[in-house]
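Only one structure is covered here, and it is reproduced in the block below.
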Amino acid sequence: VLTVGALTLTPPDTLEKASMAPFAWHLFWRRVTRPEAAQAEARLLDLGLGAGRWRRSDTAASSAPDDYVHSVSIDGTGDATLVMVHGLANGGGIFTRNLRPLSAAFARIHAVDWRGAGLSGRPTYEPDDHDSARDFLVDGLEAWRAKEGVDRMVLLGHSMG
């Protein structure tokens with residue numbers, strides 16, 4: 001176990017270690033449960049925005065119990081609605097430090113986790129090709145948008161093209 005400040009890295013178990021490159025286990029971030037991740041998200045948002053200035057939602061993307069889109073929303077003082085989506089191997093938490101400054105320019109800001117990433121659900125799907133993988137992600141965002149009542153938005157994307 002390696003502790004640096006408030007961060008504790010726990011060595012992987014034998015199976016995890018066997019699948020890693022030699023000497024890489026010490027770089028391993030331990031897996032967290034969804035409640036632990038949600039608690040970490042809340043602590044970051046409370047620290048950056050203040051308690052009570054943000055809200056989260058988990059919006060069903062289909063009828064499957066593990067298919068939902070997680071988002072964090074804040075109200076701002078501007079006119080338009082901003083929807084931010086993260087890049088590959090990330091989550092909406094990447095935008096935590098941007099929420100407060102952007103709240104001066106937008107009426108409402110949403111940081112949305114793609115399906116299968118961040119705090120969103122992990123539904124099973126097997127894309128046939130690039131287009132079906134893209135459609136799977138966009139369909140989840142569209143289900144979220146419709147249920148959140150977002151008709152018009154500025155869409156900000158990070159990294160995925």
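Quick notes
- Working ranking of peptides 147-155, 108-116, 74-82 by packing, defined as the average number of other Cβ atoms within 10 Å per residue, highest first, is 108-116, 74-82, 147-155.
- Apportionment of accessible area to carbon and sulfur, region 30-105, percent (1.4 Å): 55
- Put simply, the convex hull of the Cα atoms in region 20-161 casts, on average, a shadow of 10.1 nm².
- Selection from S71, G87, G50, by position along the positive dipole direction of region 46-146 (Cβ): G50
- Within region 85-130, the percentage of alpha carbon pairs spaced more than 15 angstrom apart rounds to 54%.
- Taking one quarter of the surface of the C-alpha convex hull of region 85-161 gives a mean projected area of 5.6 nm².
- Protein heavy-atom accessible surface, 1.4 Å probe, per residue over region 51-125: 47 Å².
- Rh by Kirkwood over Cα pairs, then Stokes-Einstein D for region 43-99 at 1.567 mPa s and 4 °C, µm²/s: 100
The values are calculated or read from the model by the stated rules, or taken from the named source; none is laboratory data. Predicted model only: the values in this text are computed from it and were never measured. Please note: Cβ atoms are built from the backbone with ideal geometry, for glycine as well, and neighbour counts cover all protein chains shown. Ligands, DNA and RNA are excluded from the accessible area calculation, which covers all protein heavy atoms including side chains. Shrake-Rupley method; radii C 1.70, N 1.55, O 1.52, S 1.80 Å.
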